[in-house]
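Asker: Submitted below is the structure of interest, expressed as structure tokens.
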Amino acid sequence: MSRKKIEWFPIVNNTLLILLALICIYPFLNILSVSLSDGVPVIRGKVYLWPIDFNIETYKYVLGNTRLGITRGLFNSIFYTVTGTVVAILLTFVTAYALSRKRLKGRYFIMLLFLFSMIFDAGLIPSYIVNNALGLVNSRWIMILPGALSTFLLIIARSFLDTIPSELEESAFIDGANEWQIMTRVYLPLSTPVLATIGVFYAVSIWNSFMTPLIYLQDQALHPLQLILYRLIIKPDGGTSFENLTVNGHQILPDNIEAATIFLAIFPILFVYPFAQKYFTKGMMLGSIKG
Amino acid sequence: MELKQTQQVTYTARSRLLKHLWNTKLLYVLLLPGLAHLVLFKLAPLFGLVIAFQDYNTFLGISGSEWVGLDNFITFAKDPYFLVLLKNTLLLAGYSLLFGFPIPILFALFLNEVRNALVKRFTQSLSFFPYFISSAVMVSILYTLLSPQTGLVNRLLDVLGLQSIFFMAEPGWFRSLYVGMGIWHSFGYGSIIYLAAIAGIDPHQYEAADIDGANRWHKMFYITLPSLSTIIVTMFILNIGNILSVDLDKILLMYNPSIYETADVIQSFVYRQAFASQGFPNYSFGAAVGLFQSVVAMVLVVSANSISKKYSETRLF
């Protein structure tokens, strides 16, 4: 019987990569555990991986307290993300569809304009002046309209539509379908994978956006969750500092509240993540294969 | 007779064009919202750039404000703070490139060597996760982990008998934190393109190498890496094109006046000029600074693109 040599490479390699993966996820696990723990073990530095003295009082407090504005922020974020994503998908699809039709005159020039706008950025201040003139400052529309058409995602959608054979369109024409029917009955159903892809891109970017609400939304009633996070944790001012309190025998400390707020801002991502990962990968591939 | 014929031709050509437009009218209607979006949100701000050459006054508007030529640019160039901003911008972007660029490649190379499908999937999924998290969440987590009293890192330093550090208020720590967080945020995502390229390598090459007696390292360095060279060069050139761009969200979230000396960059300076200044917002000056950055960035991207086109036959546009 021959002695089998131990292969060191796979062992070391696998261990290091798993460790790396854990580094990516550990901060989130720690935050989740803190938000579900009692305040006392948190402040004593005992919470690392698992919650100690498990309870959900912090969440009840955070979601029930109107002064913190977290429930409202959550509502605003969901509203912006859902509305914004629907508008963006529709706008991107019809634009990509029109630009992918060869019978549309001037489509090459229009595409060049889009590409140019992607490379040359006017910058913060000129955009602010235009958005201000359009009445978008302190309006919910600012979260929905300016981001509703991304040139990058337009290119992805267009290259997808280009891959659908034009014979399909011709035969539909011969069958008597008009322009509108061809788009809605032939191309739209075939485009669901790419629409899901760009939808995920748009949704994640709206949910995560920070600069736009920071600059354009002064009214606190309109603030999305990301801005509330900024106000509560990064720039705590006098009005929002938390007091220590005891609810149902559980200590709720500022650390608990911060952790719960952070976790709420991640929460929806956890649901879309499995889909998002798949589609993001697909989108990356589509986007990178050009020529 | 001849004249009549020409008229006839023009007439039919025009009617054909009209007929074409009428038949495809829906396409043009469909294009309208997208065009309106392009004009309003992308092209109109470009005209707003003229305020960089004005002494812009909100009440007078663009047409009423006084023209001052290049005054705003000269003021900026003469300001000693300009050099600090430029240095900070270049250093942050440069370090991000230097440390952030090779990591996704190495990660993809070593992940490719994992034979266990479960480990592979697990590692890839988790490494990808931070990419979905907003800057506000990441920086919030950073604050809680690095908090001087209760933060995990300082507790660890305490256990080791070291002095606790107030990371977010130390100018010396900013660059490392910014670059480190950037890597943590996006190395998994960045590796996708390399993993895809690796998946496209012809397996026969590996089989042939096996027969020739190549070991794992040989295959990694003589087959996988050379196969990736085109995409690596392309990605590198494109990254160089973005050397003046930093993640403004992250900087605005992470910096504070006590660390401006290392953390303030061109864009955050523009932001402060217009939106966070105590006095009257200086739009024109901010727009001039922003225009300077956009022009340099565009020159860099376009030249990087043409270099990429020349050497690797891959291009962005």
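Asker: Taking segment A:35-46 on its own, how many of its residues are free of Cβ contacts under 8 Å to residues at least 60 places away in the same chain, surrounded by 19 or more Cβ atoms within 10 Å (Cβ to Cβ) and facing chain B (nearest Cβ under 9 Å)? So that I can check it myself, show each step before the final result.
Answerer: Of all residues in segment A:35-46, those free of Cβ contacts under 8 Å to residues at least 60 places away in the same chain come to A:36, A:41, A:44-46.
Next cut, surrounded by 19 or more Cβ atoms within 10 Å (Cβ to Cβ) only: A:36.
Keeping just the survivors that are facing chain B (nearest Cβ under 9 Å) gives none.
The qualifying residues number 0.
Asker: So, in segment B:32-72, how many residues would count as being within 11 Å of chain A (Cβ to nearest Cβ) and either in contact with a Cys (Cβ under 6 Å, 6 or more places away or on another chain) or within 22 Å of residue A:120 (Cβ to Cβ) (or both)?
Answerer: Number satisfying all stated conditions: 21.
Asker: Could you tell me whether residue B:238 is at pLDDT 85 or above, assigned to a helix (DSSP H, G or I), within 21 Å of residue B:183 (Cα to Cα) and not aromatic (Phe, Trp, Tyr)?
Answerer: No: the conditions fail for residue B:238.
Asker: Sort out which residues of segment B:241-258 are more than 9 Å from chain A (Cβ to nearest Cβ) and modelled with pLDDT of 90 or more, and write them in order of number.
Answerer: B:250, B:251
Asker: If I ask for residues that are small (Gly, Ala, Ser) and outside any loop (DSSP other than H, G, I, E, B), which ones from segment B:241-260 would you list? Write out each step before concluding.
Answerer: Of the residues in segment B:241-260, the ones small (Gly, Ala, Ser) are B:241, B:245, B:258.
Of everything in segment B:241-260, those that are small (Gly, Ala, Ser) and outside any loop (DSSP other than H, G, I, E, B) turn out to be B:241, B:258.
Asker: In addition: Would you check if there is a residue in segment A:80-89 being assigned to a helix (DSSP H, G or I), facing another protein chain (nearest Cβ under 7 Å) and either touching a residue at least 12 places away in the same chain (Cβ under 8 Å) or within 25 Å of the chain's Cα centre (by Cα) (or both)?
Answerer: Checking segment A:80-89: not a single residue is assigned to a helix (DSSP H, G or I), facing another protein chain (nearest Cβ under 7 Å) and either touching a residue at least 12 places away in the same chain (Cβ under 8 Å) or within 25 Å of the chain's Cα centre (by Cα) (or both).
Asker: May I pose another question? If residue A:155 satisfies every condition in (1) part of a helix (DSSP H, G or I); (2) farther than 29 Å from residue A:262 by Cα; (3) without any contact (Cβ under 8 Å) to a residue 24 or more places away in the chain but one, which is the exception?
Answerer: Exception for residue A:155: condition (3).
Asker: Then there is this: Find all pairs meeting these conditions: Cβ atoms under 8 angstrom apart; at least six residues apart or on different chains; first residue within segment A:7-34 and facing another protein chain (nearest Cβ under 7 Å) and touching a residue at least 60 places away in the same chain (Cβ under 8 Å); second residue crowded, with 19+ Cβ neighbours inside 10 Å and among the hydroxyl-bearing types (Ser, Thr, Tyr).
Answerer: A:31/B:144
Asker: Are there helices (runs of 4 or more DSSP H) fully within segment B:151-217 with at least 2 residues that are more than 30 Å from residue B:229 (Cα to Cα)? List them.
Answerer: Where helices (runs of 4 or more DSSP H) fall fully within segment B:151-217 and carry at least 2 residues being more than 30 Å from residue B:229 (Cα to Cα), they are B:152-159, B:171-199.
Asker: Would you be able to say whether some residue in segment A:192-213 is part of a loop (DSSP other than H, G, I, E, B) and more than 9 Å from chain B (Cβ to nearest Cβ)?
Answerer: Checked segment A:192-213: no residue is part of a loop (DSSP other than H, G, I, E, B) and more than 9 Å from chain B (Cβ to nearest Cβ).
Asker: Filter segment B:119-165 for residues that are more than 7 Å from chain A (Cβ to nearest Cβ) and buried (at least 18 other Cβ atoms within 10 Å of the Cβ); which is nearest to residue A:271 (Cα to Cα)? Before you say what the answer is, go through the steps one by one.
Answerer: If we filter segment B:119-165 for residues that are more than 7 Å from chain A (Cβ to nearest Cβ), which is where we start, we get B:120-121, B:124, B:131, B:138, B:142, B:146-149, B:151, B:153-154, B:156-165.
From what's left, buried (at least 18 other Cβ atoms within 10 Å of the Cβ): B:124, B:131, B:138, B:142, B:146-147, B:151, B:154.
On the way: B:124: 18, B:131: 15, B:138: 18, B:142: 23, B:146: 28, B:147: 29, B:151: 28, B:154: 33 Å.
Within segment B:119-165, the match that is nearest to residue A:271 (Cα to Cα) is B:131.
The values are calculated or read from the model by the stated rules, or taken from the named source; none is laboratory data. Model, not experiment: these values are computed from the prediction. Cβ: placed from backbone, ideal geometry, glycine included. Neighbour counts: every protein chain shown.
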